[in-house]
1. Kindly state, to the nearest 0.05, the FRET efficiency for SER121 paired with ASN62, given R0 = 25 Å and r defined as their beta-carbon distance.
2. Quick check for me: using +1 on Lys/Arg Cβ and -1 on Asp/Glu Cβ, what's the dipole size of the chain about its Cα centre, in debye to the nearest 20?
3. PRE reach from ASP26 (point 7 Å along Cα→Cβ): which of segment 1-17 fall under 20 Å by backbone N?
4. Report, to the nearest 10°, how far helix 154-164 tilts away from the longest principal axis of the Cα atoms in the chain, using its own Cα long axis and a range of 0 to 90°.
5. Can you compute the charge dipole magnitude of segment 146-213 about its Cα centre, using +1 on each Lys and Arg Cβ and -1 on each Asp and Glu Cβ, nothing else charged? Give it in debye, rounded to the nearest 20.
6. Below 14 angstrom from the Cβ of ARG14, what's the summed charge of the other residues (Lys, Arg +1; Asp, Glu -1)?
7. Provide the gained length on full extension for the span LEU131 to THR108, in nm with one decimal, where the gain is 0.36 nm per separating residue minus the Cα-Cα distance.
8. In deg cm²/dmol, rounded to 500, what helix-only [θ] at 222 nm does the chain give when every DSSP H run of at least 4 residues adds -39500 (n - 2.57) and the total is split over its residues?
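The values are calculated or read from the model by the stated rules, or taken from the named source; none is laboratory data. Remember, it's a predicted structure, so these values are computed and weren't measured experimentally. All Cβ positions, even for glycine, are placed from backbone atoms using ideal geometry, and neighbour counts span all protein chains on display. Quick note on the areas: whole protein, heavy atoms, side chains included, nothing else; ligands and nucleic acids left out. Shrake-Rupley method; radii C 1.70, N 1.55, O 1.52, S 1.80 Å.
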Amino acid sequence: MIHILVVDDHPAVREGTKAILETEPDVRVSCLNPPYSIDVIKHISFHEYDAVLMDMNLGDINGMELSTEIIQHSEDCKIIMYTGYDVEDYYEEAIRLGIHGAISKTETKEKILSSIRHALSGDIVVPYSYLKSLILQQKMKTSSTSNDTEALNDREKAILQEVERGLTNQEIADKLHLSKRSIEYSLTSIFNKLNVGSRTEAVLISKSEGIID
């Protein structure tokens with residue numbers, strides 16, 4: 001038996017969701033009535049619920065705030081944002097807070113229960129379009145990093161090559177006929193372009209990107 005708690009400030013949504021989901025023989029639904037506040041939440045035991053369908057807007061407080069409070073005291077309780085808005089807007093923030101995704105109130109009973117059952121198994125179901133956008137963002141970030149790497153000039157590449165050989169700043173300056181200060185400035189530029197904070201990291205990244213042999 002799956003015990004679900006519906007938290008929504010609209011009576012029709014609470015009762016409608018309960019009626020629809022309880023047509024499944026293994027599902028039991030309870031509803032939390034207003035008012036909703038942190039103080040109220042603190043006095044409720046959520047351990048008896050397997051999952052919570054949490055509305056986003058609850059009057060003076062939002063579902064994210066209440067969910068954060070619940071998770072702090074009942075981390076085993078799986079919470080899914082239950083909203084009438086575009087659910088993709090909430091995935092990143094929800095998952096960061098420990099919420100198991102979001103689902104639209106307009107979805108079918110089968111899809112709502114599927115999301116809940118996945119959450120109970122420790123999985124999160126996200127739309128293909130949302131996952132695709134994350135992949136594209138990652139590709140753009142990788143491409144940007146690659147472009148920064150290519151921006152290294154010949155002098156910086158030569159300096160990195162000598163850093164890889166273990167030479168000190170003064171030894172590199174002597175070998176390349178530059179001042180020690182010029183080497184220091186160039187290393188600062190290299191660190192910024194490669195987004196690293198040390199000579200070792202700079203060498204590792206430049207070798208992996210094929211900047212130096």
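1. 0.40
2. Magnitude of the dipole: close to 720 debye.
3. Only 1-6 pass the distance filter.
4. The angle comes out near 80 degrees.
5. In debye, rounded to 20, segment 146-213 gives about 180.
6. Numbers: positive: LYS18, LYS105; negative: ASP8, ASP9, GLU15, GLU22, ASP55.
My count for the surroundings of ARG14 gives -3.
7. Numbers: separation 23, 0.36 × 23 = 8.28 nm, distance 2.13 nm.
Once the chain is fully extended between LEU131 and THR108, it gains 6.2 nm.
8. On the way: 10 runs with 113 residues, N = 213.
Estimated from H runs of four or more residues: -16000 deg cm²/dmol.
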